[in-house]
Amino acid sequence: MQTYFYKAVPLSTFAAMLSISPKDLKTAQLHGYLLGAVSPRPICFASTVDSDGNVNLSPFSFFNVFSANPPILVFSPARRVRDNTTKHTLENVLETKEVVINIVNYDMVQQMSLSSTEYAAGVNEFVKAGFTEAASEKVVPPRVLEAPVQLECKVNEVVALGTEGGAGNLVICEVVHLHIDEKILDANGKIDPAKIDAVARMGGNWYSRSNVGMFEVEKPLTTLGIGVDALPAAIRNSKVLTGNDLGMLANVEQLPFDNISEEKEIHKKAQVLLNNGDVMSAWQLLSK
Ligand SMILES: Cc1cc2nc3c(=O)[nH]c(=O)nc-3n(C[C@H](O)[C@H](O)[C@H](O)COP(=O)(O)O)c2cc1C
């Protein structure tokens, strides 16, 4: 098999990389690397009840959407690394098989963080963190009224990923009812990524805010882009154009020009056009 190196990557880049087997790390250290790397992570703000009806509210960033038909969300309350105990949220979903997953926006972030305090069983974090309970339509746990989106779910399955401290438990949830604040919708009735203002968890104590530093990347052509491998060598081997530039140039249906300038100054000017999203003008400039 032939190996292509489209962009020159100095070997020193690899030499500086840590190369580790998980078995050589303590769980807490491994946890730190994994959470620092897999970030930002969306936050599931989970409202549950126990079999006596006591309400619990806690955030989980091991969370995502995995299917639209059926509508499936998965989050994971892990066994504590410290003492291998389990979390109230896990115990509640095993008992009652229901949860409301609330989406956290920037206005809620400090109260959400407070709610992650390890209060005793039966303590209602809606009260401790100052959120408002709103009655749900299809499940018993209440919704967080302040959340821009509230997803009522039935729990289909809980998959334990291990028995030691740090082991996750996949709570596989099916959405049975959605509540979406109309304030976050755009003119076409879709959720506006700037208006939802969702926050996500990063490594350590860091969070990110979705509407700060947003940028758009158009989806690849449905008609099939030519691909980086089909770009002329003068572009692929450019000392100026980056991988992002090549990605944009390769997202055209047909090679517009194959006689390409190797001049650095031309490549720099083409890069400015690409940064402005003007792919065809960049191609024209690059052609000899
Ligand atoms: C933003 C954020 C994300 C969190 N994500 C997780 C997670 O994915 N899994 C987990 O087990 N704990 C996570 N935690 C910690 C739990 O929220 C915390 O252990 C909480 O006390 C659990 O409450 P419970 O015992 O009432 O369920 C997170 C905390 C915060 C602030």
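List of remarks:
- In this structure, the amide hydrogen of H177, modeled 1.01 Å from its nitrogen in the peptide plane, lies closer than 5 angstrom to those of E152, counting only residues at least 5 positions away or on a different chain.
- Considering only V104, V171, V65, the mean-square fluctuation computed in a Gaussian network model of the chain, springs between alpha carbons under 10 angstrom, is largest for V65.
- The relative contact order of the stretch 113-208 comes to 16 percent, based on Cα pairs under 8 Å that sit 6 or more residues apart.
- Solvent-accessible surface of the chain, averaged per residue with a 1.4 angstrom probe and all protein chains in place: 60 square angstrom.
- Under 5 Å between amide hydrogens, built in the peptide plane, is the criterion, and for A167 it picks out R79 among residues at least 5 positions away or on other chains.
- Over the chain, volume per residue of the alpha carbon convex hull, in Å³: 192
- Residue ranking by accessible heavy-atom surface, 1.4 Å probe, largest first, among V159, V140, V55 comes out as V140, V159, V55.
- Neighbourhood net charge (13 Å Cβ-Cβ; Lys/Arg +1, Asp/Glu -1) for P142: -4
- Leading residue at positive end of dipole, the chain (Cβ point charges), from G204, P142, I43: G204
- Using every pair of separate Cα atoms, the Kirkwood estimate puts the hydrodynamic radius of the stretch 157-265 at 19.4 angstrom.
- Helical runs assigned H by DSSP (4 residues or longer) give the chain a calculated mean residue ellipticity at 222 nm of -6500 deg cm²/dmol, each run adding -39500 (n - 2.57) before division by the residue total.
- Number of Lys-Lys pairs in the stretch 19-159 with C-alpha atoms under 21 Å apart and a separation of 8 or more places or on different chains: 6.
- Within the accessible area of the chain (1.4 Å probe), percent carbon and sulfur: 54
- The chymotrypsin sites (Phe, Trp or Tyr not before Pro) found in the stretch 208-288 that occupy coil by DSSP, while having at most 14 further C-beta atoms within 10 Å, are F215, F257.
- Area accessible to solvent at V279, 1.4 Å probe radius, in Å²: 30
- Relative contact order (percent, whole number), the chain, Cα cutoff 8 Å, 6+ residue spacing: 17
- For F62, residues with placed amide H under 5 Å, excluding near neighbours: S76
- 3J(HN,Hα) along the stretch 46-56: 9, 9, 9, 10, 8, 5, 8, x, 5, 8, 10 Hz, from the Karplus curve 6.51 cos²θ - 1.76 cosθ + 1.60 with θ = phi - 60°, whole Hz, x for Gly and Pro.
- Charge context of D50, other residues only, Cβ under 15 angstrom, K/R +1, D/E -1: -3
- Binning the alpha carbon pair distances of the stretch 222-278 at 10 angstrom intervals from zero yields the distribution 24, 61, 15, 1, expressed in whole percent.
- Reachable lysines, given that their alpha-carbon falls under 20 Å from the alpha-carbon of K190 and they are not under 8 places away in the same chain: K219
- Area accessible to solvent at T132, 1.4 Å probe radius, in Å²: 60
- Per-residue SASA entry for S113, accessible area with 1.4 Å probe, Å² rounded to 10: 50
- Phi angles across the stretch 149-166 convert, under the Karplus curve 6.51 cos²θ - 1.76 cosθ + 1.60 with θ = phi - 60°, into 3J(HN,Hα) values of 9, 10, 10, 7, 9, 9, 8, 7, 7, 10, 10, 6, 8, x, 10, 9, x, x Hz, Gly and Pro given as x.
- Distance from the alpha carbon centroid of the stretch 116-142 to that of the stretch 150-220 works out to 19 angstrom.
- Cα gyration tensor shape of the stretch 83-151, rounded if a/c is under 1.5, else prolate or oblate by comparing a/b with b/c: oblate
- For K264, the lysines whose Cα comes closer than 25 Å to its Cα, not counting residues fewer than 8 places off in the same chain, are K7, K239, K288.
- Annotation for the stretch 80-152: trypsin sites (Lys or Arg not before Pro) lying in DSSP loop with at most 12 further Cβ atoms inside 10 Å of their Cβ are R82, K138.
- Cys with no candidate disulfide partner in the chain (beta-carbon separation under 4.7 Å rule): C44
- Residue-span extension gain [M280 to E216] - 0.36 nm each, minus C-alpha spacing: 21.3 nm
The values are calculated or read from the model by the stated rules, or taken from the named source; none is laboratory data. Note that the coordinates shown come from a computational prediction; the quantities given were computed from them, not determined experimentally. Glycine gets a Cβ as well: all are built from the backbone with ideal geometry, and neighbour counts include every protein chain shown. Calculation scope for accessible area: heavy atoms of the full protein, side chains included, ligands and nucleic acids excluded. Shrake-Rupley method; radii C 1.70, N 1.55, O 1.52, S 1.80 Å.
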